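The values are calculated or read from the model by the stated rules, or taken from the named source; none is laboratory data. Fair warning: this is a prediction, and the values are worked out from it, not measured in the lab. Cβ placement follows ideal geometry from the backbone for every residue including glycine, while neighbour counts extend to all protein chains displayed. The accessibility values were calculated without ligands, DNA or RNA, using every heavy atom of the protein model including side chains. Shrake-Rupley method; radii C 1.70, N 1.55, O 1.52, S 1.80 Å.
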Amino acid sequence: MADPIKVYRTAAFAPLAQDIKRFGALLTAEAARRYDAALLVDARRRKVCAERDTALGPVLYLLHQGRRLAGLAGAFTPTDDGLMNAVCLRDVGQRLEAQGISLDLTARKRSIVYRRGDEAILVLAQHDGYAFAALRRLYKALIDTEAYSEMQLYTYLTPEALRELEQVLYAPARGSRPLDRQRLRLFALPRPDGGVHSPVTLP
């Protein structure tokens, strides 16, 4: 006799919805390790979340019902880049928490803030790197003004692409001011899909 179909009450999806909300996305492979398979199937069927294929693998994000369960208002459809950046931020956050670091996810949208003594550290994550001009503006606004003691940038860039970014940040051409590598720090993360990456060394 076939197993009966599991029927979940709406409240059963709340932990999944909160988990996705925390950083904005959740790799399907990680969700499969953390949650009952039938619950994940039913969550998609009941519009708690949806799955989208990305360059980092399938990713879950919240739909209207899931957003309500997580205490979010209105509808929102993320871009592929937004989902992959959220996966990258989640990756960083979990690594920092594994070191016993307490995270603040409310100080700045789509970023992490944590404290090291009296210092406030801003953590950003983008799967495919950063625009130099945007980083210079951010550095001027947040580091030069002492709003934060340090900015840490995490990415899934290849070693070659990371070296190119380091060059324009720390040894720019045409007389641009180099940024302080002790206050703007770059870190490469292993790609979750097993692609080429640099080894990660967290602070």
Step through the residues of the stretch 35-40 one at a time and calculate ³J(HN,Hα) from phi using the Karplus curve (6.51 cos²θ - 1.76 cosθ + 1.60, θ = phi - 60°), rounding each to whole Hz and writing x for Gly and Pro. 10, 4, 4, 5, 5, 5
Sequence order, the stretch 51-68: Karplus ³J(HN,Hα) from phi using 6.51 cos²θ - 1.76 cosθ + 1.60, θ = phi - 60°, Hz rounded, Gly and Pro as x, gives 10, 10, 6, 10, 5, 9, x, x, 10, 9, 9, 7, 9, 4, 4, x, 5, 5
Relative contact order of the stretch 126-177, please, whole-number percent, based on alpha carbon pairs below 8 angstrom and at least 6 residues apart. 48 percent
Treating the angle as unsigned and between 0 and 90°, give the value, to the nearest 10°, between the Cα long axis of helix 80-98 and the longest Cα principal axis of the chain. 80 degrees
Which whole-number percentage describes the relative contact order of the stretch 57-203, with Cα contacts under 8 Å and a sequence gap of 6 or more? 18 percent
Base-10 log of normalised Debye intensity for the chain (one unit scatterer per alpha-carbon) at q = 0.14, 0.17 Å⁻¹: -0.87, -1.17
Heavy-atom accessible area of Lys140 with all protein chains present, probe 1.4 Å, nearest 10 Å²? 140 Å²
Value at 222 nm in deg cm²/dmol, rounded to 500, when DSSP H runs of n ≥ 4 in the chain each add -39,500 (n - 2.57): -11000 deg cm²/dmol
Output wanted: per-residue J couplings in Hz (rounded whole) for the stretch 144-153, from phi through Karplus 6.51 cos²θ - 1.76 cosθ + 1.60, θ = phi - 60°, x for Gly and Pro. 4, 8, 6, 5, 10, 6, 7, 10, 10, 10
Measure of exposure for Asp80: accessible area at 1.4 Å probe, Å² rounded to 10, is 70 Å²
Taking the Cα centre of the chain as the origin, how large is its charge dipole in debye, to the nearest 20, when only Lys and Arg (+1) and Asp and Glu (-1) carry charge on their Cβ atoms? 560 debye
